[in-house]
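We did not get these values from a lab; they are worked out from the coordinates using the rules stated. Please read these numbers as outputs of a predicted model, since none were measured by experiment. Virtual Cβ from ideal backbone geometry, glycine too; neighbours counted across all protein chains shown.
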Amino acid sequence: MINENLIKEYWYDMIKIRSITGEEAKLAEYIADKLKEFGLEPKMSYYEGDEERQSPSVYAVLDSGKPGPRLMLIGHTDTVKVANGWNTDPFTPIEDGDKTYGLGAMDMKGGLAAILATTKYYSENKDKFTGELILAFVSDEENLSKGTYQLVNEGLSADMAIMAECRFDNMAIGFRGRYSIEVTVSGKAAHASHYPNVGENALIYGSKLAIAIEELPTIIHPTLGGGTWVVRSIEGGVKNALIVPEKCELFIDRYTVPGETYEVCEKQILEAADKLGLSGKVDVRLKPRKSAYMEPFALEEAHILVQTVKETFKEVTGDEIRIEFDKSVCDSNILANSLNIPTVTFGPSGGNMHGANEYGHLHQVLAATEIYIKTVSKLSK
């Protein structure tokens, strides 16, 4: 069913191609060339702001010619920057036992290789599936997911999706959402020698508010668990001047579950400020960003896609796969919320993601390919 040498070739070829966020063009061209070899007509997609066209996404459709489900296989082409401490050239795949070292070996060029191999298989065996395969290779995931949001703008759709992210012994079928919130707390400047009789210390106000924020209640979702508040930074005051701090800036990460909108979060912060006697001294705003914030979602475990991948994983590996609901966010949130596509997240993994000496496992890339191929076949019946 699978050509191990060819899959390894795809994987290694892509590790060798530098595709740090904002520099994905060469890898996009490689993928587009492969899709053309398979008889497809790939399209390049550029998000607004990519004036030099160095960060394209690539997508294509493989049509069986028969009615059936439309399944998307999707992964991101970009990697993080090269971390300090590599023992080898990060763009040269190095085998050491069951590990292959290289930037993106885990996150997530193994998943891309599995998608390419699955595409090649069905391009040569159209009689073995029904419906369509939508193949998407997106840019900018490690930044603001502008590649995936651009595909939303272009109207890409599917009935179901597998995000080939690097999580092999578990399958995520839900993710929390996330907001970045900025809070400005105002005090009253004065000469430091006159404090506390004169002046209002915004740093003290902000510190009290930060403690109150982390104690705010959250909704408990039956599968995603609870949301969380994380005060990531507190800034204010002037070190080299005898001035009572007039402003204090808080930066907050708010991880959410269904029902926790930004409006709800803002109201909670302002109510906490009121209880501290800070009414009128606190400004709350959503941090501006060039793409939308990701909303939470949770797929039912009984969904046919979840059950099919679960069954196929056991068939291929002999092991049970864990079903998980992730505490963070990824492009799966976009598919599930912006496009209403039931999405599972599963693909070959490894270790040292985003760090020096990142590695992946060939046996997982091969197994993921077989699982994708068999999942497509089963969903066609």
Q. Where is the GNM fluctuation largest for the chain (alpha-carbon springs, 10 angstrom cutoff): Asn240, Asn125, Asn84?
A. Asn240
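Can you give the FRET efficiency to the nearest 0.05 for Ile211 and Asn84, using r as the Cβ-Cβ distance and R₀ = 45 Å?
Details: r = 35 Å, r/R0 = 0.78.
It comes to 0.80.
If you average the sequence gap of Cα pairs under 8 Å that are 6 or more apart and divide by the length of region 103-178, what percent do you get for the contact order?
Details: 29 pairs, mean separation 27.7, N = 76.
Once normalised by length, the contact order is 36 percent.
Using mean Cβ contacts within 10 Å as the protection proxy, how do 209-219, 326-336, 105-115 order, highest first? Write out the running numbers ahead of the final one.
Working: 209-219: 15.9, 326-336: 22.1, 105-115: 29.8.
So the order, starting with the most tightly packed, is 105-115, 326-336, 209-219.
In which sequence would Phe251, Phe175, Phe168 go, from the one with the fewest C-beta neighbours within 10 Å to the one with the most? Walk me through the numbers on the way to the answer.
On the way: Phe251 15, Phe175 30, Phe168 25.
Lowest count first: Phe251, Phe168, Phe175.
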Q: Mind jotting down the distance between the C-alpha centroids of region 1-76 and region 226-293, whole Å?
A: 40
Q. Going toward the positive end of the dipole of the chain, with +1 on Lys and Arg Cβ and -1 on Asp and Glu Cβ, which of Gly237, Gly187, Tyr149 do you reach last?
A. Gly187
Q | Label assignment, Cα Rg over 2.2 N^0.38 Å derived from the structure, set (i) 1.14; (ii) 1.33; (iii) 1.41 | A | (i)
Q: Compute the long axis of helix 202-214 from its Cα atoms, compare it with the longest principal axis of the Cα atoms of the chain, and write down the angle in degrees, 0 to 90, nearest 10.
A: 40
Q. If you put +1 on each Lys and Arg Cβ and -1 on each Asp and Glu Cβ, how big is the dipole of the chain around its Cα centre, in Debye rounded to 20?
A. 440
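Taking the Cβ of Leu278 as the centre, find all other residues whose Cβ is under 12 Å away and add up their charges (Lys, Arg: +1; Asp, Glu: -1).
Details: positive: Lys208, Lys275, Lys281; negative: Glu200, Glu271, Asp274, Asp283.
Around Leu278, the charge tally is -1.
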Q. Please state the relative contact order of the chain as a whole percent: Cα pairs under 8 Å, 6+ residues apart?
A. 24
**Q.** Estimated dipole of region 177-286 in Debye, rounded to 20 [Cβ of Lys and Arg +1, of Asp and Glu -1, Cα centre]
**A.** 200
(Q) With just the Cα atoms defining each centre, how far is region 312-329 from region 198-218? Give it in Å. (A) 42
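Roughly how big is region 97-182's charge dipole about its Cα centre, with Cβ charges of +1 (Lys, Arg) and -1 (Asp, Glu), in debye to the nearest 20? Spell out each step's value before the answer.
Numbers: 9 positive and 13 negative charges, 27 e Å.
Dipole magnitude for region 97-182 comes out near 140 debye.
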Q.
Sort Trp11, Trp229, Trp86 by Cβ crowding within 10 Å, fewest neighbours at the top.
A. Trp86, Trp229, Trp11
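Got a sec? How would Arg254, Arg285 order by Cβ neighbour count within 10 Å, fewest to most?
Working: Arg254 26, Arg285 11.
Ascending number of Cβ neighbours within 10 Å: Arg285, Arg254.
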